[in-house]
Amino acid sequence: MMYKTMNRHAPDYLQRRLFTQYYYDYNLRNSEGKLALPKPRTNYLKRSFSYSGATLWNNLPSSLKNVGSVDQFKRNLKKVSSISDSHTAIM
């Protein structure tokens, strides 16, 4: 759902209200394509789609974020998750 939201294939309410790009005033190595995270004051917010989706999206490699289609994204995500399951979690 995050891929569809970020590439304008999801409903408008998901694209406009829930996620905003984080912009830096200066150039950082790992800042491209990052989403602004709301400050969680409760566990309720941490379990929400806006927080957990943005967190997961920010932790994906940029090569995965920039694939051309949903099918390619799903295939590559399976590869990344199988690698990271054996080493670390995607979070």
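We did not get these values from a lab; they are worked out from the coordinates using the rules stated. Bear in mind the structure is a predicted one, so any value in this text is a computation, not a measurement. Note: ideal-geometry Cβ built from the backbone for every residue, glycine included; neighbour counts use all protein chains shown.
One decimal place: the segment LEU37-ASN66 gains 8.4 nm when fully extended, by the rule 0.36 nm per residue minus the C-alpha distance.
Residue separation of ASP12 and LEU77 scaled by 0.36 nm, minus their Cα-Cα distance, works out to 21.0 nm of gained length. Site pair LYS4 and ARG47 shows an inter-label distance of 2.3 nm when each label is modelled 7 Å from Cα along Cα→Cβ.
3J(HN,Hα) couplings calculated from phi for the range 56-63 with the Karplus curve 6.51 cos²θ - 1.76 cosθ + 1.60 (θ = phi - 60°) are, in sequence order, 5, 4, 5, 8, 6, x, 5, 5 Hz; Gly and Pro show x. Residues whose amide H comes within less than 5 Å of that of LEU35, counting only those at least five positions distant or on another chain, are TYR22, ASN58 (H built at 1.01 Å from N in the peptide plane).
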